[in-house]
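So the structure is just underneath, and the comments pick up after that.
The values are calculated or read from the model by the stated rules, or taken from the named source; none is laboratory data. Keep in mind that this is a model prediction, so the values were computed, not measured. Cβ sites come from the backbone with ideal geometry, for glycine too, and all protein chains shown count toward neighbours.
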Amino acid sequence: MWRTDTFWFDVAIALTGLLLGHIYFGRFADHKPRWRLVAKSLIGVAMVVGTTAFAGRGWTYVLIGAIGVGLVVVHGWWLPRNGVNGLTAEPRDRYYELIGLDPSGKPLKRDHR
């Protein structure tokens, strides 16, 4: 009945990771439109299933692990090093400054000369 050698298992793994990411790190994307978050989720699931289909399940887990390492580096090292809590995105104004937004969450106007 329960099989782990199907694409649906890979979809479940990808969606579980996305769900946990949205729950724990969703505050980092408060300024983004919801359609971008949906698109990011669809692309993430397509990458996982595509990697399984074309390269095999081992490479899928390498991909998922690489994404996890990237998350740990950004949220566990780079953000705290730059004065932002990696779990809460606080102080919010410092976080917005790091990603190029003004304190209200809108893109900074850049002088293009």
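When the range 43-62 is filtered for residues that are in contact with a Phe, Trp or Tyr (Cβ under 6 Å, 6 or more places away or on another chain) and in contact (Cβ under 8 Å) with a residue 40 or more places away in the chain, only V49 remains. Taking first residues from the range 87-99 that are closer than 14 Å to Y24 by Cα and touching a residue at least 40 places away in the same chain (Cβ under 8 Å) and partners that are in a helix (DSSP H, G or I) and basic (K, R), the Cβ contacts under 9 Å between residues at least 6 apart in sequence or on separate chains come to L87/R27; T88/R27; A89/R27.
Filtering the range 63-104 down to residues that are in a loop (DSSP other than H, G, I, E, B) and in contact with a helix residue (DSSP H, G or I) (Cβ under 6 Å, 6 or more places away or on another chain), which residue is modelled with the lowest pLDDT? Within the range 63-104, the match that is modelled with the lowest pLDDT is P103.
In the range 23-36 there is at least one residue matching the filter, namely being aromatic (F, W, Y) and surrounded by 15 or more Cβ atoms within 10 Å (Cβ to Cβ).
L37 passes every criterion in (1) at pLDDT below 90; (2) not in a helix (DSSP H, G or I) apart from (2).
Residues in the range 1-34 that are of a type in the set (D, E, K, R) and at pLDDT 85 or above: D10, K32, R34. The set of residues in the range 85-106 that are within 17 Å of K32 (Cβ to Cβ) and among the hydrophobic types (A, V, I, L, M, F, W, C) comprises A89, L98, I99, L101. Between V69, V49, V73, V45, the distinction of being within 18 Å of L20 (Cα to Cα), over 11 Å from the mean Cα position of the chain (by Cα) and surrounded by 15 or more Cβ atoms within 10 Å (Cβ to Cβ) belongs to V45 only.
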